[in-house]
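First comes the structure, then the notes that go with it.
The values are calculated or read from the model by the stated rules, or taken from the named source; none is laboratory data. Because the structure is a prediction, the values reported are computed rather than measured. Glycine also receives a Cβ, built like all others from the backbone with ideal geometry; neighbour counts cover every protein chain displayed. When the accessible area is computed, the model is the full protein with side chains, heavy atoms only, and any ligands, DNA or RNA have been set aside. Shrake-Rupley method; radii C 1.70, N 1.55, O 1.52, S 1.80 Å.
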Amino acid sequence: QFYLGKSLKEAKTPFNRALLHAAPIAHGTHSLMELVSNYLTWVEPRVAHDTYRHYYASLMAFARDHPRLKPADMRAYTLSRWLEAHPKWGQSTRSTRGSDVKIWSAFLDREGCLDGDRLRSARMPGARKRDAADPAELLKLEAAITDQAFLDFFRVCYDTGCRPGEAASLEAQNLNLKTGSAIVSGKRG
């Protein structure tokens, strides 16, 4: 145990420094759940909260479904079969969960917790593509909107292809009326 400070705010910096300089976990000495917990502790301060929640859900489900699996016994087919065993998950969920577990496996290899990335060659299902909205349905929706401000917002989203959150983030400084363009800070940058 280490004294890191009087408050959580004071303790965060020395805690993160201690994690950076911690000795790697020797491979073969920890259970699957311990390696998941260690990774989640390491990754939490480094990613957005929603990303952490996805990692947590994926890795805890993987560890719970493999209570007797030794980390050194993981293979690509372990991940493939695990994803197949969850038919209620949609294709995109299976793709995301599988990717989360593969990222964790690569981390274990980099940190020396395993003697190789056990899941590197596992094939992931592709994320399901969403179909574009039917233009006739969108025209019906547009006709049903009675609030002028919301109608303007709807048209901006429809005409530009922006997501609602991206369109809502627009500010005057992001618009160029001469060129009819805008800089949008969105999901992909």
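At R0 = 30 Å, how high is the FRET efficiency between residue 81 and residue 132 if r is their beta carbon distance? Nearest 0.05 is fine. Here the calculated transfer efficiency is 0.30. Using only side-chain charges placed at the Cβ, +1 for Lys and Arg and -1 for Asp and Glu, the dipole size of segment 105-189 relative to its Cα centre rounds to 340 debye. Note on the chain: with neighbouring protein chains present and a 1.4 Å probe, carbon and sulfur make up 54 percent of its accessible heavy-atom surface. Farthest toward the positive end of the dipole of segment 90-189, out of 121, 98, 145, is the Cα of 121, where the dipole comes from beta carbon charges about the Cα centre. Accessible surface area normalised per residue over segment 63-154 is 67 Å², counting heavy atoms of protein chains with a 1.4 Å rolling probe. Only helices enter the 222 nm calculation for the chain: every DSSP H run of n ≥ 4 contributes -39,500 (n - 2.57), and dividing by all residues gives -16500 deg cm²/dmol, rounded to 500. Quick one: net charge of residue 116's neighbours, Cβ under 15 Å, K/R +1, D/E -1? Charge balance in the 15 Å sphere: +1. Using only alpha carbons, segment 43-189 has a radius of gyration to Kirkwood radius ratio (Rg to Rh) of 1.13.
Cα axis of helix 49-65 to longest principal axis of the chain: angle in degrees, 0 to 90, nearest 10? For 49-65 against the chain, the angle is about 50 degrees.
When segment 54-159 is described by a simple charge dipole with +1 on each Lys and Arg Cβ and -1 on each Asp and Glu Cβ, the residue from 108, 58, 136 located farthest towards its positive end is 108. Between the helical axis of 91-111 and the longest alpha-carbon principal axis of the chain there is an angle of about 40 degrees.
Solvent exposure of residue 140, expressed as accessible area, is near 130 Å², computed with a probe of 1.4 Å over the protein chains only.
Taking the chain as the region of interest, the number of lysine pairs whose Cα atoms are within less than 23 Å, with members eight or more places apart or on different chains, is 6.
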